[in-house]
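Enquirer: There's a structure below that I have some questions on.
The values are calculated or read from the model by the stated rules, or taken from the named source; none is laboratory data. Worth saying up front: this structure is predicted, and the values here are computed from it rather than measured. Please note: Cβ atoms are built from the backbone with ideal geometry, for glycine as well, and neighbour counts cover all protein chains shown.
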Amino acid sequence: MLNSRHYGNTVDESRRILREAYGVLRVHPRFLAWPFAALVATVVLWGGVAAPTLMVTSTLSDAQSAGVLIVAIEFFVVFFLTGVLWCWFNVALTYGLSAALRGESLALSHALKMASSKWVRIVGWVAFSATVGAVMRIVSNALGGTLGRIVQHASFFAWAGATYYITPILAFEELPVVDSLKRSATLLAKYPRVTIASNIILQIAVTAALLVPIAAAVGAGYYVGTYSTASLMARGAVGVAGAAAVLIFFAMVIGLNALQSSVRVVLYRSARVVS
C-alpha cells in the first residue's frame, strides 16, 4: 500500500500502480472476457434498434418531422441505455478486480448480480452525467469560435478528472449522486500526481498500441484503392490483413478497457489510505 516515501516519488509509484494493475490481468486473464461481454451486449442493443428504426422511418416518408422526432427519441434512449449498460458492467468488473486483489475469486454472474443491486444509483449517475454533458455542449456551442472550443476541452478534462473514481464509488460507497461526484474529486485531490502520471503513461501506451492496427488497416485500404492493377490474390491478402487489423483493434480496445479498470481499482485502493 501507499506510504509517504512512495508518494514522494511520483514516477516510481505510478509504475507500481501499473505493474499491480497489469499483474491482476496477467494472473486472471478471464477479466478480459468481461468488457467483451459488454461489447457484445452493446452490439445486440444497437442491432436490435437499427432495424426497427429504419422500418419506422420508411413508413413515415410523408411526415418527415414526426419521423425525425421518433428517430431522435429512439437514439437518445439507446445512447442512455448504452451508458447504463457500460456503467453496470464496469461496476461488476470493479467487484471482480477488487476480489482478485484480495486473493478471492468472483464469477461474472455474481458480480453482475452485485452490480444490479446498485441499479438505482447507476441509472441516476448516468442520467446526471448525461445532463452535465449536454449543458457543457450547449455552453460551448453558445460561446462559439476559439473560446467555445477552449471551454469545451477544458470542461471535458475537468469532468474526466472529477469523475475518475466514480465507478468504484458506485460499487463500494453508498452516496447520493452529487456526493459521489464530490467524493471522487476529493480522492483525486488527495492523490493527484500519481493518478495523473499513471494515466498519462497508460494513455501513451494505449495510443502507441492502437496506432499499429489502425496504420495496418489504413495502409491496406490505401493499397487496394491506389493500385487498380493489383492481382486478385494481392487484394485478397490485403483484405485479410485489413480484417485482421480490425479484429486486433477491437481485441486491444477490450484489453485496454480491462487494464484501465484495473488501474482505477488499484488507484482507488491507494487513494483511500492517503492522509
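Enquirer: Quick check, is Leu267 of a type in the set (A, V, I, L, M, F, W, C), under 30 Å from Arg19 (Cβ atoms), modelled with pLDDT of 75 or more and exposed (fewer than 14 other Cβ atoms within 10 Å of the Cβ)? Explain how you work it out, then say what you get.
Expert: Working: of a type in the set (A, V, I, L, M, F, W, C): yes; under 30 Å from Arg19 (Cβ atoms): yes; modelled with pLDDT of 75 or more: yes; exposed (fewer than 14 other Cβ atoms within 10 Å of the Cβ): no.
Answer is no for this residue.
Enquirer: Let me ask another. Out of the residues in segment 216-264 that are surrounded by 13 or more Cβ atoms within 10 Å (Cβ to Cβ) and among the polar types (S, T, N, Q), state the one that is modelled with the lowest pLDDT.
Expert: Among them, the one singled out is Asn257.
Enquirer: Give just the number: which of (1) among the aliphatic types (A, V, I, L, M); (2) modelled with pLDDT under 80; (3) touching a helix residue (DSSP H, G or I) at 6+ places or on another chain (Cβ under 6 Å) does Ala208 not satisfy?
Expert: Of everything listed in (1) among the aliphatic types (A, V, I, L, M); (2) modelled with pLDDT under 80; (3) touching a helix residue (DSSP H, G or I) at 6+ places or on another chain (Cβ under 6 Å), Ala208 misses just condition (3).
Enquirer: For segment 137-184, which positions are at pLDDT below 90 and under 19 Å from the mean Cα position of the chain (by Cα)?
Expert: Those that are at pLDDT below 90 and under 19 Å from the mean Cα position of the chain (by Cα): His153, Ser155, Phe156, Phe157, Ala158, Trp159, Ala160, Gly161, Ala162.
Enquirer: For the subset of segment 1-29 comprising residues that are surrounded by 13 or more Cβ atoms within 10 Å (Cβ to Cβ) and not in a helix (DSSP H, G or I), which member is modelled with the highest pLDDT?
Expert: His28
Enquirer: Does Val78 count as assigned to a helix (DSSP H, G or I), surrounded by fewer than 16 Cβ atoms within 10 Å (Cβ to Cβ) and at pLDDT below 90? Before you say what the answer is, go through the steps one by one.
Expert: Working: assigned to a helix (DSSP H, G or I): yes; surrounded by fewer than 16 Cβ atoms within 10 Å (Cβ to Cβ): no; at pLDDT below 90: yes.
No; evaluated as a whole, the condition is false for this residue.
Enquirer: Scan (1) crowded, with 16+ Cβ neighbours inside 10 Å; (2) assigned to a helix (DSSP H, G or I) for the single condition His110 breaks and write down its number.
Expert: (1)
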